[in-house]
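J.: Got a structure for you, written out below as structure tokens; questions coming shortly.
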Amino acid sequence: MNLFRLAGDMTHLFSIIVLLLKIHATKSCSGISLKTQELYVIVFLTRYLDLFTRFVSLYNTVMKIVFIGTSFAIVWYMRYHKVVKQTYNKDEDTFKHYFLLLPCFVLALLLHNEFTTMDVLWTFSLYLEAVAILPQLVLLQQSRNIDNLTGNYVFFLGAYRGLYVLNWIYRYFLQDHRARWIPWISGLVQTALYADFFYYYILSWKKHEKLKLPA
Amino acid sequence: NRQPPKHDEL
């Protein structure tokens, strides 16, 4: 464990807390893409299959349970909570996210470390997470006003993977010198997808203006 | 050097 990875995990956890706070406090999920949240449930379930079979550390196990639990809670809120589900606007959540599953799965069948169920699904989860934010970014571009909590949620969700890139640099040059091409490339693609969001987010923060993404 | 455990990251 190094500081970059710990900071990354904490930023990731914080983004989820910000989202749960927004939904629970405002009883509204306006501006949030249910499709991105559903993709994240699939990401966590396929990545943490070893939750009960491989013990890495207490921290690792606890965080996996927290990520699976909170992602399920968010999807539950948006689908079934009597008040929150009324605020979900499926007409603006238009991205065909199921079209992301097959290409990521096929790519994982072709490009992986070991051809085992665990490893192919773990690889699939990395490819899927790289593109899981697309429905949310598309929704933000179409929504007129982005509320602060939603903007902060997306910012921290993007920042966490950027911190993981620093963690990979640190591990490669200062620790085990092992190339991890699959997480590295997936993580870079994931972080790059946030590039324009980061630009407009920081610009709006500097100019103290409302965050607005160009359509 | 000791091989780090596989998939030790979240």
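J.: Which one of these does A:SER71 not meet: (1) in contact (Cβ under 8 Å) with a residue 12 or more places away in the chain; (2) away from every other protein chain (no Cβ under 14 Å)?
T.: The single condition A:SER71 does not satisfy is (2).
J.: From A:PHE105, A:PHE156, A:PHE115, grab the single residue that is assigned to a helix (DSSP H, G or I) and either more than 26 Å from A:MET10 (Cβ to Cβ) or free of Cβ contacts under 8 Å to residues at least 12 places away in the same chain (or both).
T.: It is A:PHE105.
J.: Let me ask you something else. So, in region A:153-171, how many residues would count as being surrounded by fewer than 23 Cβ atoms within 10 Å (Cβ to Cβ), more than 13 Å from chain B (Cβ to nearest Cβ) and among the β-branched types (Val, Ile, Thr)?
T.: 1
Each row is one residue, and each column tells you yes or no for (1) surrounded by fewer than 16 Cβ atoms within 10 Å (Cβ to Cβ); (2) not β-branched (Val, Ile, Thr).
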{"position": "A:ASP91", "(1), (2)": "yes, yes"}
{"position": "A:PHE95", "(1), (2)": "no, yes"}
{"position": "A:VAL106", "(1), (2)": "yes, no"}
{"position": "A:PHE115", "(1), (2)": "yes, yes"}
{"position": "A:TRP122", "(1), (2)": "no, yes"}
{"position": "A:LEU126", "(1), (2)": "no, yes"}
{"position": "A:GLU129", "(1), (2)": "no, yes"}
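J.: Applying the selection to region A:1-60, what residues are touching a Ser or Thr at 6+ places or on another chain (Cβ under 9 Å), within 11 Å of another protein chain (Cβ to nearest Cβ) and among the hydroxyl-bearing types (Ser, Thr, Tyr)?
T.: A:TYR48
J.: Which residue out of A:LEU188, A:LEU163, A:LEU137 is within 21 Å of A:ILE42 (Cα to Cα), part of a helix (DSSP H, G or I), in contact (Cβ under 8 Å) with a residue 40 or more places away in the chain and not small (Gly, Ala, Ser)?
T.: Just one listed residue meets the conditions, A:LEU137.
Every number in this text was worked out from the coordinates using simple rules, so none of it is lab data. All of these numbers come straight from a predicted model, not from anything done at the bench. Ideal geometry is used to build each Cβ from the backbone, glycine not excepted, and the neighbour counts take in all protein chains shown.
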